[in-house]
Structures are given as structure tokens and as C-alpha cells.
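Structure, as C-alpha cells:
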Amino acid sequence: MEDIINSVIGLAKRAGDMMRTEAPVISRFKGSKENYATETDESIQRFLKKELLALLPGSSFMGEEGHDYSKSDLLWIVDPIDGTVNYARGLSMSVVSIALVKDGSAVMGVVHNPYLDHTFHAEKGRGAFLNGERIQVSDVKRENALVSTAWCAYEKDELAHPSFRISERLHRDCSDIRRFGTAAYEMCLVAKGSIDMYFEMLLRPWDYAAASLIVEEAGGVCSSIDGPLDMFDQCGVLACNTAENLDYLKKVIKEEAGAKRDTGSIWRD
Ligand code: LIP
């Protein structure tokens, strides 16, 4: 696996170079005016799909820009550009996210931010790293916690209002809130101890498959609202520095937003 992780890191960096050099051109909308793909999302996905399937013969591929995959025991889950809107608007805060999932659990994760040259990686049981240096979550308690979140721009009608209610409660109970517009990077900020809690009411496996392993290998805890993260369908995502803060976050979400919300399968668009 040593050679494979280094190859995947190299591919993530080459994909990051594409992100930095290709001008953003919207290629298609995906159900709302906020949710779209660019030609670069699609070109990076084509590049990574070809290279990753060649790296592990017999593996299969799931990417944000195309859902033709078979549930083989080794599955690459890729977000070619996590933070597409940030990329399209020139906000220099987007990442490439690559996960390898074996029998439904992430065993390898790489998240690369080409603007900051930050490369996070983890392999199951071997720790989490930023540019090769070991990282770990903070020990900050709830009242001093810095929280990162989002308000479900792709599902505004159903999830924006409860998301803002939860945020108002966290803003009162914790220290402050940040929003970076890329779930994978925000979860990696939990892993490096810069952010203490992250949540979003509804994400897709390509947003969190790699970053959730990086958080857990850095000593943090991840879950959905009602149980483990689903690597084959969408779910809410919580990533925290401690189990105590995860329990607090779950309590707030249930009190302010009710039970888990299911807005249909990720395969609808
Ligand atoms: C985005 C996430 C972001 C979330 C957006 C979207 P994309 O991923 O990183 O946190 O709020 O709704 O899911 O679409 O840019 O790959």
C-alpha cells in the first residue's frame, strides 16, 4: 500500500494542477442554480478514473460527475473538485478528494488543496498526515469550539431553515462559526486541530469518504445523524475532535432539526 498511497498523492497533485490552470466553464446544471459541474470537474474525473482503475486492476470507480459504478469490494470514491462553486468564482478554496473503500469502509484517503499546497492523507490504522507531518485533532471543549458548517445550498427548501437553526444554537453555545465551501477541506481542518466540529445536514459519499478517514486517523470521530456514514448513498455528516463534542452536536441537531432527513437517493440527477 506504500507505493499506492504515494501514487494516489501524485495523481491528486496532478489533478490539482489541472484545477489551477484550467479556466472554469460551467458544463451542466444538476437540479438547481447552485449545483453545477464545470468542464474541469469532468476532465479531472476522466483523468483520475483512468489512472486509478489502472493502478488497481479489478477496482471500480464512483465519481461525483457520473454514477456508473459496480459495488466491487475495492471502490474508488472521487470528488474531482470539492468546492466547485469556489473554483468557478475564483475563491481559491477547493480540493481534490480521493478515497479507496474496501467492503464499505474507507481504507485510504487523500485530500489535496492546490491553492495552499496542503496534501492530507491517511491509511487505515496508520495515522493522518499533512504534507507528510503527523496531525491530530484538538482537545478543545464545546464552549471554546470553532465550528465549520454549511446550509445545504443544494437542498434549500428542505434543509436550509433547520441548518440555520442549528447554526444559531451552536453560535450561542460554542465560540464561533466558519464556512469554507468545501466539506472535504473543512473536515481536514478538524483533523489538523484548526476546527473542532464540522457538520452538514446532507452530503454525498465523494464529499466525505476520504476526509472522514483522515479525521478518524487523526484521533477524531465521524458519524451521520443517526449512525455510521454511508459510503454508498447520501447522508448527514458530523466530524468532531472528541466523542463528547459529537454527542453534543447530535443532540443539538436532533433538537433543532428533528430526525434524519432523507431527500431521496444521490442517484436522482
Ligand atoms: C460541496 C461541498 C459543500 C457543500 C455543497 C457541495 P461540491 O461539494 O463541499 O460543503 O455545502 O453543497 O456539496 O458540490 O462542490 O463537490
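The values are calculated or read from the model by the stated rules, or taken from the named source; none is laboratory data. Fair warning: this is a prediction, and the values are worked out from it, not measured in the lab. Note that each Cβ is placed from the backbone with ideal geometry, even for glycine, and that neighbours are counted across all protein chains shown. These accessible areas exclude ligands, DNA and RNA; they are computed on the full protein's heavy atoms, side chains included. Shrake-Rupley method; radii C 1.70, N 1.55, O 1.52, S 1.80 Å.
Listed values, structure above:
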item	result
³J(HN,Hα), Karplus 6.51/-1.76/1.60, whole Hz, each residue of the stretch 172-189, x for Gly, Pro	7, 7, 9, 8, 6, 10, 10, 9, 10, x, 8, 4, 4, 6, 4, 5, 5, 5
Computed magnitude of the charge dipole of the chain (debye, nearest 20; Cβ of K, R +1, Cβ of D, E -1)	240
Under 5 Å, built H, 5+ apart or other chain: amide partners of residue 138	193
Placed amide H near residue 115: partners under 5 Å, 5+ positions off or other chain	94
Carbon/sulfur fraction of accessible area - the stretch 120-247, other protein chains in place, 1.4 Å, %	45
Antiparallel content of DSSP bridges confined to the stretch 4-77, in %, to 5	60
Efficiency of FRET between residue 175 and residue 13 - r from beta-carbon atoms, R0 45 angstrom, step 0.05	0.85
Choice from 166, 81, 26 showing the highest fluctuation, given a GNM over the chain with Cα pairs closer than 10 Å	26
Gyration tensor (alpha-carbon) shape descriptor, the stretch 1-122, a/c threshold 1.5	oblate
Spin-label model distance (nm) - residue 50 vs residue 22, 7 Å beyond Cα toward Cβ	1.1
Accessible area per residue in Å² at 1.4 Å probe, computed on the chain	42
Residue (of 206, 174, 195) at the positive-pole extreme of the stretch 150-269, dipole from beta-carbon charges	174
Amide proton proximity set for residue 203, modelled H, under 5 Å, gap of 5+	235, 236, 237
Among beta bridges that DSSP assigns inside the chain, antiparallel share in %, nearest 5	80
Anisotropy class of the stretch 1-68 from Cα gyration tensor, a/c 1.5 cut	oblate
